1. How do the strands (runs of 3 or more DSSP E) wholly within segment B:62-118 filter down when requiring 2 or more residues that are surrounded by fewer than 21 Cβ atoms within 10 Å (Cβ to Cβ): which remain?
2. Looking only at residues in segment B:30-72 that are among the aliphatic types (A, V, I, L, M) and within 12 Å of chain A (Cβ to nearest Cβ), which one is farthest from the ligand (Cβ to nearest atom)?
3. Condition first: among the small types (G, A, S), at the interface with chain B (Cβ under 8 Å from one of its Cβ atoms) and either within 20 Å of the chain's Cα centre (by Cα) or part of a helix (DSSP H, G or I) (or both). Now tell me which residues in segment A:131-145 satisfy that.
4. Please go through segment A:161-188 and pick out each residue that is in a helix (DSSP H, G or I) and either among the aliphatic types (A, V, I, L, M) or more than 14 Å from A:G329 (Cβ to Cβ) (or both).
5. Among the numbered criteria (1) in a helix (DSSP H, G or I); (2) free of Cβ contacts under 8 Å to residues at least 40 places away in the same chain, which single criterion is violated by A:R76?
6. Would you be able to tell me the number of residues in segment B:20-52 that are at pLDDT 95 or above, of a type in the set (K, R) and surrounded by 15 or more Cβ atoms within 10 Å (Cβ to Cβ)?
7. Looking at segment A:337-348, can you tell me whether even one residue there is on the phi < 0 side of the Ramachandran plot and over 11 Å from the mean Cα position of the chain (by Cα)?
8. Just name the residue that is farthest from the chain's Cα centre (by Cα) out of those in segment B:6-29 that are within 13 Å of the ligand (Cβ to nearest atom) and within 13 Å of chain A (Cβ to nearest Cβ).
Amino acid sequence: MQTVRIAGVGLTHFGVHPERTGRDLFAEAALEAITDASVPRDDVEWVHYGNFMAELAEHQGHQGPLMAESVGLADRPATRHENACTSSGAAFREAVETIRAGSADVVLVGGAERMNNLGTAGATEALAIAADELFEVRAGVTFPGAYALMARAYFAEHGGDRADLAHVAVKNHANATVNEYAQFQREISVEEALDAPMIADPIGMYDACPITDGASAVVLTSESYAREHDVDAPVVVAGSGQGGDALALQDRASLASTPATERAAETAYDDANITVDDVDLTEVHDCFTIAEVLAIEALGFYDEGEGIGAAREEETTRDGPRPVNLSGGLKAKGHPVGATGTGQLVEATRLLRGDHPNSDAVPDATTALTHNAGGTVASAVVHILEVER
Amino acid sequence: MTSGAPVRDSGFDDFLDALADGDGYYLECSNGHGSFPPRRACRVCGETDLEQRTLPSSGTVETFTIVRVPTPQFEGETPYVTAITAFGSVRLTGIVRDVDPDSVERGLTVEPSVERWDDDTRRLTFEPR
Ligand SMILES: [Zn+2]
């Protein structure tokens, strides 16, 4: 099996860019990734692309070839992957599998999402279709509403309150202040978070990720290609895992845990031959503050019911023992849904390589974990990256 | 959204018809896993021999939220309460009616009902007993 290396990474600014098309966003990130890789564009053999809502936002299907064409690769095999918020995490996993299987040596993978042109109501509607249409959406479940149902169930089962969640938002905003790609490069206070308007009790405005336009891309190569062409690619994709669960919350055994993440993490740890204690830095899918709590428990960093205090106790802050979301996370960096999965991998790669503005928080880090979740974690994708220094 | 006469979702709309008539049911496999139609195979174990069972006439609210930012379909209805309610071994998600949103609590006993929203859509609702 071929070892997979990250040769180059690229991001657009994550923010409010309603006028920019998906193809324009993706091309910017992909061209940056190709330049960063110093791999000839012509050597890219395959394109995997993640997107969630372009049918609704841009009336556009059949996006695989469109995105390949946007960077001058129209004749390459290209497929779009849709898995709600895990769209590009799943695309990345497919790209890794493509190289591991020996089907290609150089693969371009990424994602993009245009959301702000839909407005708040339109984006809320588009996000809601990640839930079960018959049993949830028709019962008024919105994306924030679904996480509010989980947050209240968590508080009832394990304790904790909105102030604990506010500390997650405060931490992630603080991390984003130096990230030029982030939607919010400003700090917030616990008081501000608690005083913000409610979206879906107990989820307030500062518990929620914003509506974001943006794109991300990664160039992957096989070990043999990197060696043969002398590609500077110190980061290896050491592990990959994916897990699933019932789409509707009502069909889950527990409303306060996310076993799809547990399954994805177990597979990824086994694949990388590491344990949870080997992980130095983590990017988790904090679409809502409670989602970060659920993630760090399901990944095995905390026992069930113990993750709620992690940010408040400064265990997951920048200078804590286990930093989580040094990029600013979805909360502050933004959540262009289809771009988020590969966006996390871009951030983790730069943190490990030492060229991220927050790399100085983790100077000796060798192992990073990324966690990308879809809907209310009916799907989860986990990757383990290792850097050779 | 759709044009012309509304098309039924077979299985699901039959379930709502029954619930509206006070004859709610769920499906159960021989291992006791419950689910709702349309369903050909148990969502947990895959067994295809599913028996129709009587849905308890009332359930207990397990978790809920007060939605204040809605999708366009719920414009003008906020704030409204969406709850997940346990009926024995199965749960349903619905909108809690006839209640002050701020007075809803976990453990509230509710009865399921069906509300016609427009020609195309019906909604599963809960009313406090
Ligand atoms: Zn079963």
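1. Qualifying strands (runs of 3 or more DSSP E): B:80-87, B:109-116.
2. B:V69
3. A:A139, A:G145 - these are the residues of segment A:131-145 that are among the small types (G, A, S), at the interface with chain B (Cβ under 8 Å from one of its Cβ atoms) and either within 20 Å of the chain's Cα centre (by Cα) or part of a helix (DSSP H, G or I) (or both).
4. Listed by number, the residues that qualify are A:R162, A:A163, A:D164, A:L165, A:A166, A:V168, A:A169, A:V170, A:A174, A:A176.
5. (1)
6. 1
7. No, every residue in segment A:337-348 fails to be on the phi < 0 side of the Ramachandran plot and over 11 Å from the mean Cα position of the chain (by Cα).
8. In this case the residue turns out to be B:L27.
The values are calculated or read from the model by the stated rules, or taken from the named source; none is laboratory data. Predicted, not measured: the structure shown is a model, and the values here were computed from it. Cβ coordinates were reconstructed from backbone atoms using ideal geometry, including for glycine residues, and neighbour counts include every protein chain displayed.
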